[in-house]
Amino acid sequence: MRKKILVPTVVLSAAGLCLAACPSADLTGDCFVDYEDFALMAAQWLTTDPCIPDDMVYIPGGTFEMGDSFEEGEPDELPVHTATLDFFCMGRCEVTNQQYCDYLNSALGGGIYVSDGVVYGTGNDQVYCDTSTSNSYSQIDYSGGVFYVRTKNGRDMLYDPMVEVTWYGAAAYCNWRSRQEGKEQCYNLSTWICDFGKHGYRLATEAEWEYAARGGLSGRRFPCGDTISHSQANYYSDGYYSYDISPTTDYHPNWDDVQPYTSPGGSFAANDYGLYDMSGNVWEWCNDWYGSYSSASQNNPTGPTSGTHRLLRGGSWIISANHSRVAYRCLCTPGNRGFAIGFRIVLDLE
């Protein structure tokens, strides 16, 4: 049996961070400091950049079986194949409204411009996101030359995930955060190619996302095991699937006030890697173009070099348990944005 030292959960008050996180020594995110944490700490110490931001968690490298091991999902979740990944860091939570609002205010007049409430990238004219002026589901207001986060039915939306954001807007945010912290920028905002040789922020590859979502649980349906309920995730429970064991049905009862029915990051327990909302809340953009799986083993796969659709992973507040499975793949054009689409970031350490 693992020997654990119980430590209290702390609440972070810094704007933009998720509401719940465990102490910095608790690298696995299970609110205990034990031998697994010391092992991860040693692995971090061996890197040349051991300083991991508070809102990121260390994901150890390893090998896993990628795809639907139950063979109950969509055809494109097969064949199950072996993928091996190097270590990386991933955001504890999906990028919040406040975090994205900070980016917009910083980039205004330089990297972005606003037209009829829609935010565009300067120099490439790609749509990055909506504000509430162009889409009422957006939780970002723009008035008097300033972006700020709305309240919804009196509830502060600072820590809810950013929605109505395109793949391009997510990639641009990654570059901005890299600049803020003096790291290398991974994306060319003209070609939209990601340079995986750079050590900065970017979107997860599809393989990284699934590996991290599984949290070390091989061959399971969800980050929390083989069943799911409203006590574990913010999703639409229709009672259709045997593995959906929620006693409450329809939208999550804690958040079904005004759409979008998002929940603050950290509202549910983290998986064994310390990641929140890897099932439900909002879909998360991945870096990859959509393509079919190969049965061959792969090392650090990055997906096709081109395509028409990017990958979304993780399900959302509006979709069923079936779509919240860690193997489920959703494809979407990169310029699309929606009230259930957000993103999470990863960081490559040197």
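The values are calculated or read from the model by the stated rules, or taken from the named source; none is laboratory data. Here the structure is a predicted model, which is why all the values come from computation and not from measurement. Every residue, glycine among them, receives a Cβ derived from its backbone with ideal geometry; neighbour counts consider all protein chains shown.
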Is segment 211-233 home to any residue that is touching a Cys at 6+ places or on another chain (Cβ under 6 Å), polar (S, T, N, Q) and part of a loop (DSSP other than H, G, I, E, B)? yes
Considering each residue of segment 65-85, count those that are assigned to a loop (DSSP other than H, G, I, E, B) and more than 21 Å from the chain's Cα centre (by Cα), and give that number. 9
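Among the listed residues Glu210, Glu164, Glu206, Glu184, which satisfies the condition of being acidic (Asp, Glu), modelled with pLDDT of 95 or more and at positive phi? Please lay out each step first, then the result.
Values: Glu210 fails: at positive phi; Glu206 fails: at positive phi; Glu184 fails: at positive phi.
Exactly one residue qualifies, and that residue is Glu164.
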Matching residues in segment 113-128 - criterion: being over 23 Å from the mean Cα position of the chain (by Cα) and touching a residue at least 60 places away in the same chain (Cβ under 8 Å): Gly123, Asn124
Among (1) closer than 27 Å to Tyr273 by Cα; (2) surrounded by fewer than 22 Cβ atoms within 10 Å (Cβ to Cβ); (3) in contact with a strand residue (DSSP E or B) (Cβ under 7 Å, 6 or more places away or on another chain), where does Glu77 come up short? (3)
Looking across segment 93-118 at residues that are outside any strand (DSSP E or B) and of a type in the set (Gly, Ala, Ser), the single one that is surrounded by the most Cβ atoms within 10 Å (Cβ to Cβ) is Ala107
Can you pull out every residue in segment 168-182 that is without any contact (Cβ under 8 Å) to a residue 24 or more places away in the chain and in a loop (DSSP other than H, G, I, E, B)? Gly182
Which residue is surrounded by the most Cβ atoms within 10 Å (Cβ to Cβ), if the candidates are limited to segment 125-167 and must be charged (D, E, K, R) and not in a strand (DSSP E or B)? Asp160
Taking segment 168-188 and keeping only residues that are under 21 Å from Leu311 (Cα atoms) and buried (at least 20 other Cβ atoms within 10 Å of the Cβ), one is left with Tyr168, Gly169, Ala170, Ala171, Ala172, Tyr173, Cys174, Asn175, Cys186, Tyr187
Under 6 Å between Cβ atoms, at least 6 apart or on separate chains: pull out the pairs that start in segment 335-350 with a residue that is part of a strand (DSSP E or B) and end on any residue that is of a type in the set (Val, Ile, Thr) and surrounded by 24 or more Cβ atoms within 10 Å (Cβ to Cβ). Gly342/Val163; Gly342/Val282; Phe343/Val95
Do you know which residues across segment 245-260 are out of contact with any Ser or Thr (no Cβ under 8 Å at 6 or more places or on another chain) and either crowded, with 20+ Cβ neighbours inside 10 Å or part of a strand (DSSP E or B) (or both)? Pro260
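Among the residues of segment 108-127, which ones are small (Gly, Ala, Ser) and under 21 Å from Met157 (Cα atoms)?
Kept after step one, since they are small (Gly, Ala, Ser), are these residues of segment 108-127: 109-111, 115, 117, 121, 123.
The one that is small (Gly, Ala, Ser) and under 21 Å from Met157 (Cα atoms): Gly117.
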Just need a number here: residues in segment 272-291 that are part of a loop (DSSP other than H, G, I, E, B), in contact (Cβ under 8 Å) with a residue 24 or more places away in the chain and either out of contact with any helix residue (DSSP H, G or I) (no Cβ under 7 Å at 6 or more places or on another chain) or among the β-branched types (Val, Ile, Thr) (or both). 7
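For segment 88-103, state whether one or more residues are of a type in the set (A, V, I, L, M) and over 18 Å from the mean Cα position of the chain (by Cα).
Here is the first cut: in segment 88-103, the residues of a type in the set (A, V, I, L, M) are 90, 95.
So of that shortlist, the ones also over 18 Å from the mean Cα position of the chain (by Cα) come out as none.
No, every residue in segment 88-103 fails to be of a type in the set (A, V, I, L, M) and over 18 Å from the mean Cα position of the chain (by Cα).
Name the one entry in Ser231, Ser242, Ser306, Ser295 that is in contact with a Pro (Cβ under 7 Å, 6 or more places away or on another chain) and either within 21 Å of Phe64 (Cβ to Cβ) or loosely packed, with under 14 Cβ neighbours inside 10 Å (or both).
On the way: Ser231 fails: in contact with a Pro (Cβ under 7 Å, 6 or more places away or on another chain); Ser242 fails: in contact with a Pro (Cβ under 7 Å, 6 or more places away or on another chain); Ser306 fails: in contact with a Pro (Cβ under 7 Å, 6 or more places away or on another chain).
After ruling out the rest, the residue left standing is Ser295.
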For Gly121, all conditions in the list (1) surrounded by fewer than 22 Cβ atoms within 10 Å (Cβ to Cβ); (2) touching a Leu at 6+ places or on another chain (Cβ under 7 Å); (3) under 30 Å from Asn254 (Cα atoms) hold save one; what is the number of the exception? (3)
